[in-house]
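Each remark here refers to the structure printed beneath this line.
Just so it is clear, none of the values below were taken in a lab; they were calculated from the coordinates. As the structure is a computational prediction, the values presented were derived from the model and not from experiment.
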Amino acid sequence: MDIKIKPLGDRVLVQPIEEKEVIKDGIYIPDSAKEKPQEAKVVALGTGKTDDDGKKIPFEVKVGDTVLMSKYGGTEVKVDGKEYKILNQSDILAIVG
């Protein structure tokens, strides 16, 4: 997959994983009423952060990881019709699986 966005610093590019729509008892929930997804797939990593001594601090996630992210963290971007988020590594709460 060739992404046209390269995050900088300790930022991570993720693609939100939409929950599968489940209709129960004939009730349809419109997109505007659904919560934002908190699960995402890591697509690209930034250039990395450096400490005070100039050493690179390694990322705790890698491309392909499924992560839980902060509900309102990051910046939403759209590239080639697909939605992504650029997050600080600190906005990632956990690795799933």
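The phi torsions of region 55-67, fed into the Karplus equation with coefficients 6.51, -1.76 and 1.60 and a -60° offset, translate into couplings of 7, 5, 9, x, 6, 8, 10, 9, 4, x, 5, 9, 10 Hz, rounded to whole numbers, with Gly and Pro shown as x.
Evaluating 6.51 cos²θ - 1.76 cosθ + 1.60 at θ = phi - 60° for every residue in region 39-47, the Karplus couplings come out as 9, 8, 9, 6, 9, 8, 10, x, 7 Hz, glycine and proline recorded as x.
Rounded to the nearest whole Hz, the Karplus-based 3J(HN,Hα) values (6.51 cos²θ - 1.76 cosθ + 1.60, θ = phi - 60°) of region 81-88 follow the sequence x, 10, 9, 9, 10, 9, 10, 6, with x at glycine and proline.
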